[in-house]
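Take a look at the structure below.
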Amino acid sequence: MSNILWKSLVVSPAVLGATLLVSGAAIAAPSTTTEVSATEQTVIEVAPQPEILAQAANDNVINQVNSYSNEGRQNTTLSQVTSVSQFSDVQPTDWAFQALQSLVERYGCIAGYPNATYRGNRALTRYEFAAGLNACLDRVNELIATATADAVTREDLATLQRLQEEFSAELATLRGRVDSLEARTAELEANQFSTTTKLVGEAVFALTDAFGDTAGDNNNTVFQNRVRLGLQSSFTGRDVLTTRLASGNADRFNLGVGSPPILGEAGTVSGEGFQTFNVGNTIGNNVEIDRLTYQAPVGPAQVYIAANGGRHSHYAAVNNPYFNDGTDGGNGALTTFASESPIYRIGGGAGLAFTLQPFGQGGGILRPSSLTVGFLGSEANDPSLGSGIFQGNYAALGQLNFSVSDRIALAATYVHGYHGAGSRIFDAGNNTSPVVGTSIANLGGVDRTDGSTNPFATNSYGVSAAFRPSDRLSVSGFVSYTDVNGFGANDNGEVWSYGVGVALPDFGKRGNVLGIFGGAVPYARGIQPGFNRVPYQVEGYYKYQLSDNISVTPGVIWLTNPGQNSDNSDAVIGTLRTTFTF
């Protein structure tokens, strides 16, 4: 074990330094061969192409609009006359100030304040003064146009003329800027991608290796990736249609645990040490639609419809802040085990779910609670016998959510699942490949006398809790139990899992997260004699936010008793993950 830790310590600083150097170079050199789009944030290591230049032109328009909107003001509450900037050249004692103040009081030119005045004798910049003068000119023109010219005296018209002459340059500049802003806004509207859809993306680069007497011999250092591009459409402002494309080449490590011979499937893959960027990968960076879901409020309920790639954690509260980022993305924990309770990994695919908004009355220990119910089938698209929505593999979830206080959340979860012969329990709808837990824990319905596999059902129960005593500390954890009922002989069993984590948000810098999570990955009891050791996992990581869009996360994952077998040596996985969001 000391040899494993020594190798980890030797590799980690070098890997961390290399990634920081690469990331820093990518940030520091945008003026040579790198183009960074404000909307895409994608680093391109080639000469600029025409479409990139076109995007840059749009970005310049956006920057000019932002620059104009921020020019000449010290806050974001500009009405028509704003607060004083540090360069104030129209004083309350000036004739112009007093003349405009008189006009404002008589004609109600400025609606920026409740009493339609300057709210006291405040000095103004010339552009701020011009904005107020322009409002009074518009108001007087309105009165004249509506045949109420008698309301405007000759003295006031003379005053306005004098003020126009005095501030003619500022008025011309102000109107020119407004015209320019309107033209640029029209250009943006004409060339925008969509009025209902926005693009969000994430790219993960991961340098990782496995160490250990067995794992170290069975694996090499790898550099892997995963990319997700999501189109999020809203038609009412309260709903969202998510269409996500995914591609990657990240594969799991071979920890050398295999399967017990009695299972009849030597080499069965394990979900131990499975990392979040391993989820949803395709072979050779092929692109596929890995999520197609729609969420919208319907009466008192929030409805979730999944046509493809549905997950229970999309609609149910997992109560694991900072470790779970909602989508197995690259901004939470390293592994699927630390990300959320394994009970949410039972089943997936297509289906329907809804959450009833908080019901009940406050005043007791438990505040108003909510109810979540969902059904997902992993073979819902297959019309053949034994498949479909109800005959294929499925998982039905029910969950009660409790809010004890502003800083404590609890949930009690039940999941009933049906699994065909050879299916895995914690597969997230993949049917044949687990994403968490040992190989023995995942392969239910196995006859322990001859190794044959049968269809089986599972009933899983879990509780989860999150406690945030302060803004800089979060504690969360879960316990889950699964009762496996095979449809053959001698194929029943049970699966347990539990874990607890401590997260320190904004550790060292705003946006950073230091997290430590440990517990028992899903392991089987009573299914395979001789393989009943508890496999523990401890994970530590530190997400360092380089910028708003780039984070670097070094971390270590330590596994004991892989495959529930004490004869297997411990495994240590070292990872350096860089995440780009755009």
### Query
When both residues are 6+ apart or on different chains and their Cβ atoms are under 7 Å apart, which pairs have a first residue that lies in the stretch 421-433 and is closer than 10 Å to residue 445 by Cα and free of Cβ contacts under 8 Å to residues at least 40 places away in the same chain, and a second that is surrounded by 24 or more Cβ atoms within 10 Å (Cβ to Cβ) and among the small types (Gly, Ala, Ser)?
421/445
### Query
Any chance the stretch 459-472 includes a residue that's free of Cβ contacts under 8 Å to residues at least 12 places away in the same chain and assigned by TED's automatic domain parsing to the domain that holds residue 322?
yes
### Task
Answer yes or no as to whether residue 510 is over 23 Å from residue 270 (Cβ atoms) and assigned by TED's automatic domain parsing to the domain that holds residue 547.
yes
### Query
With respect to the numbered conditions (1) closer than 13 Å to residue 96 by Cα; (2) modelled with pLDDT under 80, which one is the sole condition not fulfilled by residue 187?
(1)
### Message
Would you confirm, using the coordinates I've provided, whether residue 369 is polar (S, T, N, Q) and touching a residue at least 12 places away in the same chain (Cβ under 8 Å)?
### Response
yes
### Message
Can you tell me how many residues within the stretch 223-258 are closer than 16 Å to residue 274 by Cα and in contact (Cβ under 8 Å) with a residue 24 or more places away in the chain?
### Response
14
### Message
Being at pLDDT 80 or above and either surrounded by 16 or more Cβ atoms within 10 Å (Cβ to Cβ) or under 47 Å from the mean Cα position of the chain (by Cα) (or both) is true for just one of 124, 163. Which residue is that?
### Response
163
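Answer yes or no as to whether residue 246 is within 22 Å of residue 543 (Cβ to Cβ), in contact with an Asp or Glu (Cβ under 6 Å, 6 or more places away or on another chain) and at pLDDT 80 or above. Break it down into steps so the answer makes sense when it comes.
Values: within 22 Å of residue 543 (Cβ to Cβ): yes; in contact with an Asp or Glu (Cβ under 6 Å, 6 or more places away or on another chain): yes; at pLDDT 80 or above: yes.
Considered against the rule, which asks whether it is within 22 Å of residue 543 (Cβ to Cβ), in contact with an Asp or Glu (Cβ under 6 Å, 6 or more places away or on another chain) and at pLDDT 80 or above, residue 246 comes out as yes.
So which residues in the stretch 435-449 are without any contact (Cβ under 8 Å) to a residue 60 or more places away in the chain and either under 36 Å from the mean Cα position of the chain (by Cα) or under 13 Å from residue 524 (Cα atoms) (or both)?
Within the stretch 435-449, just 445 meets the criteria.
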#### Entry: Of residues in the stretch 392-420 being over 23 Å from the mean Cα position of the chain (by Cα) and outside any strand (DSSP E or B), the one nearest to residue 376 (Cα to Cα)
393
### Query
Looking at the stretch 141-160, which of the residues that are in contact with a helix residue (DSSP H, G or I) (Cβ under 8 Å, 6 or more places away or on another chain) and assigned to a helix (DSSP H, G or I) is modelled with the lowest pLDDT?
149
### Message
Take the residues in the stretch 460-516 that are of a type in the set (S, T, N, Q) and in a loop (DSSP other than H, G, I, E, B); name whichever of them is surrounded by the fewest Cβ atoms within 10 Å (Cβ to Cβ).
### Response
490
#### Entry: Output for the stretch 269-307, where each listed residue is surrounded by fewer than 16 Cβ atoms within 10 Å (Cβ to Cβ), part of a loop (DSSP other than H, G, I, E, B) and of a type in the set (Val, Ile, Thr)
282, 287
#### Entry: Residues within the stretch 527-572 that are farther than 30 Å from residue 445 by Cβ and β-branched (Val, Ile, Thr), tallied
6
### When residues of the stretch 517-558 are limited to those that are part of a strand (DSSP E or B), at pLDDT 95 or above and among the aliphatic types (A, V, I, L, M), the one nearest to the chain's Cα centre (by Cα)
550
### Message
Please verify whether residue 193 is in a loop (DSSP other than H, G, I, E, B), of a type in the set (Phe, Trp, Tyr), surrounded by fewer than 16 Cβ atoms within 10 Å (Cβ to Cβ) and at pLDDT below 85, treating the condition exactly as stated.
### Response
yes
### Message
Where the second residue is aliphatic (A, V, I, L, M) and modelled with pLDDT under 80 and the first is within 11 Å of residue 97 (Cα to Cα) and lies in the stretch 126-146, which pairs have Cβ atoms under 6 Å and are six or more apart or on separate chains?
### Response
132/81; 132/110
### Message
Restricting to the stretch 83-120, and then to whatever is among the aromatic types (Phe, Trp, Tyr) and within 21 Å of residue 137 (Cβ to Cβ), can you tell me which residue is modelled with the lowest pLDDT?
### Response
113
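The values are calculated or read from the model by the stated rules, or taken from the named source; none is laboratory data. In this text the structure is predicted, and so the values were computed from the model without any measurement. Every residue, glycine as well, gets a Cβ built from its backbone with ideal geometry; the counts of neighbours run over all protein chains shown.
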